[in-house]
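Structure first, commentary second.
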Amino acid sequence: MSKLGSLGARLYRGEVGYDFVGKRKIWYGISILITITAIVGLAVRGLNMGIEFEGGAVFTTPKTSVSVAQAEKYAEKASGHDAVVQELGSGGLRIQVAGVDTAKSDQIKSDLASDMDIKSDAINADLVGPSWGEQISQKAWTGLIIFMVLVVIYLAIAFEWRMAAAALIALIHDITITVGVYALVGFEVTQGTIIGLLTILGYSLYDTVVVFDSLKEQSKDLTKQTRWTYSEVANRSINSTLVRSINTTVVALLPVAGLLFIGGGFLGAGMLNDISLSLFVGLAAGAYSSIFIATPLVADLKETEPQMKALKKRVLAKRAAAAAKGESVENAPGDEFDEDGEDDDPQDDLPQDAAPAGVVGPRTQPAARNRGRGRPSGKRR
């Protein structure tokens, strides 16, 4: 078995672990800092909206020796407006000029042909009206709102409202960061960007639901035992699915990174870069939020319940009593038994040599060896 596979198995069995939930204030602080940076970048720099949203003309030239900087000067001189020039993989140029009408577009095309020493017929000119971009924006917002409403309803039914609320916050977190990165790097927002943003919603939600499903299974009848708090069970859920989350994220990021850094570099800027950047940032943010934001938020919300507060007090009291007697937590008496003498602890199905939350590394002595010491005799599960 590979080292990563071995680590994954040990994480799943609870033999090793990292206290993600216990250090949630650190993750919250990092997320707040990143989100504030994204919002500031969005407010200061704004989004570089593409021609599809502002309206204007797009000129595509055949292969030419004219540089991007020279083409920008020619286009700005001919139009009187700022121009955006991108080099295409074919060696040609894509020149965008906002705020021009049909008559002005024909004049710009003629001037560009003259300055760049290209036949006028060889330059392709497309005129785009701003109403098209407005329609796309409205449909995107509508789709986003419908998606989030359906997600919240589904998660509230399949799990509970606290998980639905945490997942919604994580989604908003991911979208805010992705849009902020677009503002900071100055990438143009096109219809490809909208497609990428809507696509990352599903990816962002996937890892979150995987952890939530594990948490739902491990927290059944949690209040009937005195070994684990809800936060510790939530942390075990993250650790048990950690390698799976890493694997799925890396597998998804590799081809997207290829599109962004290699494909964009060789084939030139355009929709390829627009989609790949939003996917790359969104996938990374989604993997981060599912581990460091969504599940810790669920633990915070859940432990506001009176029964979970009472459970935490019982668990901590039992551990304090065990420490005073010099006993390990696993060997301390006090778990409830049913009438047949069976342990009612629903966590018996979990590995008994599992490390408590916050412990990284193997246990020096499996608790199962001394299990039953100090306990009433009876049939075990």
*Would you check which residues across segment 104-119 are open to solvent by 50 Å² or more (accessible area, probe 1.4 Å) and more than 46 Å from the chain's Cα centre (by Cα) and list them?*
Gln107, Ser110, Ser114, Asp115, Asp117, Lys119
*Restricting the search to segment 22-39, which residues are part of a helix (DSSP H, G or I) and without any contact (Cβ under 8 Å) to a residue 40 or more places away in the chain?*
Lys25, Ile26, Gly29, Ile32, Leu33, Ile36
*asked:* Can you tell me which residue is modelled with the lowest pLDDT among those in segment 221-246 that are open to solvent by 40 Å² or more (accessible area, probe 1.4 Å) and farther than 20 Å from Val281 by Cβ?
replied: Arg244
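Yes or no, residue by residue, for (1) among the aromatic types (Phe, Trp, Tyr); (2) out of contact with any His (no Cβ under 9 Å at 6 or more places or on another chain); (3) under 20 Å from Leu283 (Cα atoms):
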site: Ala125; (1), (2), (3): no, yes, no
site: Val151; (1), (2), (3): no, yes, yes
site: Phe159; (1), (2), (3): yes, yes, no
site: Thr176; (1), (2), (3): no, yes, yes
site: Ala183; (1), (2), (3): no, yes, yes
site: Gly186; (1), (2), (3): no, yes, yes
site: Gln191; (1), (2), (3): no, yes, yes
site: Thr199; (1), (2), (3): no, yes, yes
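Take Thr193 and tell me if it is of a type in the set (Val, Ile, Thr), modelled with pLDDT under 90 and open to solvent by less than 30 Å² (accessible area, probe 1.4 Å). Spell out the reasoning first.
Numbers: of a type in the set (Val, Ile, Thr): yes; modelled with pLDDT under 90: yes; open to solvent by less than 30 Å² (accessible area, probe 1.4 Å): yes.
It is true that Thr193 is of a type in the set (Val, Ile, Thr), modelled with pLDDT under 90 and open to solvent by less than 30 Å² (accessible area, probe 1.4 Å).
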*Go over the candidates Phe59, Phe53 one by one and state the one that is crowded, with 20+ Cβ neighbours inside 10 Å, in contact with a strand residue (DSSP E or B) (Cβ under 9 Å, 6 or more places away or on another chain) and at pLDDT below 80.*
Phe53
*From the options Val66, Val100, residue that is over 18 Å from Gly129 (Cα atoms) and assigned to a loop (DSSP other than H, G, I, E, B)*: Val66
*Would you check which residues across segment 157-174 are open to solvent by 30 Å² or more (accessible area, probe 1.4 Å) and either touching a residue at least 40 places away in the same chain (Cβ under 8 Å) or not in a helix (DSSP H, G or I) (or both) and list them?*
Phe159, Glu160, Arg162, Ala165, Ile169
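Determine, yes or no, whether Phe187 is at pLDDT 90 or above and of a type outside the set (A, V, I, L, M).
Values: at pLDDT 90 or above: no; of a type outside the set (A, V, I, L, M): yes.
In short, no.
Residues are listed down the side, and each one gets a yes or a no for (1) modelled with pLDDT under 90; (2) open to solvent by less than 60 Å² (accessible area, probe 1.4 Å); (3) in contact with a helix residue (DSSP H, G or I) (Cβ under 6 Å, 6 or more places away or on another chain):
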position	(1), (2), (3)
Leu279	yes, yes, yes
Ser289	no, yes, yes
Ala299	no, yes, yes
Ala310	no, yes, no
Lys325	yes, no, no
Pro333	yes, no, no
Glu336	yes, no, no
Glu342	yes, yes, no
Asp345	yes, yes, no
*Evaluate the following for Val151: is it part of a helix (DSSP H, G or I), open to solvent by less than 50 Å² (accessible area, probe 1.4 Å), under 25 Å from Lys302 (Cα atoms) and modelled with pLDDT under 90?*
yes
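Could you say which residue among Ile172, Ile177, Ile200 is under 30 Å from Gly50 (Cβ atoms) and modelled with pLDDT under 85? Break it down into steps so the answer makes sense when it comes.
Numbers: Ile172 fails: modelled with pLDDT under 85; Ile177 fails: modelled with pLDDT under 85.
The match here is Ile200.
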*Which of (1) at pLDDT 90 or above; (2) under 25 Å from Thr248 (Cβ atoms); (3) not small (Gly, Ala, Ser) is the odd one out, the single condition Leu205 does not satisfy?*
(1)
*Six or more apart or on different chains, Cβ under 6 Å: which pairs go from a residue in segment 64-80 that's under 14 Å from Ala113 (Cβ atoms) to one that's surrounded by fewer than 17 Cβ atoms within 10 Å (Cβ to Cβ)? Could you list them?*
Tyr74/Asp115; Ala78/Asp111
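Working only within segment 145-157, note down all residues that are in contact with a helix residue (DSSP H, G or I) (Cβ under 7 Å, 6 or more places away or on another chain) and closer than 23 Å to Ile194 by Cβ. Let's see the steps before the verdict.
Residues of segment 145-157 in contact with a helix residue (DSSP H, G or I) (Cβ under 7 Å, 6 or more places away or on another chain): 147-148, 151-152, 155-156.
Listed by number, the residues that qualify are Phe147, Met148, Val151, Val152.
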_Can you say whether Ala140 is under 24 Å from Phe280 (Cα atoms), within 22 Å of the chain's Cα centre (by Cα) and small (Gly, Ala, Ser), as far as the supplied structure shows?_
yes
*Keeping to segment 223-265, report how many residues are under 21 Å from the mean Cα position of the chain (by Cα) and part of a helix (DSSP H, G or I).*
27
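Within the bounds of segment 84-93, is there any residue that is among the hydroxyl-bearing types (Ser, Thr, Tyr) and outside any helix (DSSP H, G or I)?
The initial filter retains those residues of segment 84-93 that are among the hydroxyl-bearing types (Ser, Thr, Tyr), namely 90.
Next, from what is left, pick out any that are outside any helix (DSSP H, G or I): 90.
Yes, some residue in segment 84-93 is among the hydroxyl-bearing types (Ser, Thr, Tyr) and outside any helix (DSSP H, G or I).
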*asked:* Here is a list: Lys220, Lys216. Which entry is in a helix (DSSP H, G or I), among the basic types (Lys, Arg) and more than 30 Å from Asn48 (Cα to Cα)?
replied: Lys216
*Within the set of pairs 6+ apart or on separate chains, which have a first residue in segment 310-327 that is farther than 17 Å from Glu232 by Cα, a second that is outside any helix (DSSP H, G or I) and modelled with pLDDT under 90, and C-beta atoms under 8 Å apart?*
Ala321/Ala332; Ala321/Gly334; Ala322/Ser328; Ala322/Val329; Ala322/Asn331; Ala322/Ala332; Lys325/Ala332; Glu327/Gly374
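The values are calculated or read from the model by the stated rules, or taken from the named source; none is laboratory data. Model, not experiment: these values are computed from the prediction. Glycine also receives a Cβ, built like all others from the backbone with ideal geometry; neighbour counts cover every protein chain displayed. These area figures cover heavy atoms from the full protein model, side chains too; ligands, DNA and RNA do not enter into them. Shrake-Rupley method; radii C 1.70, N 1.55, O 1.52, S 1.80 Å.
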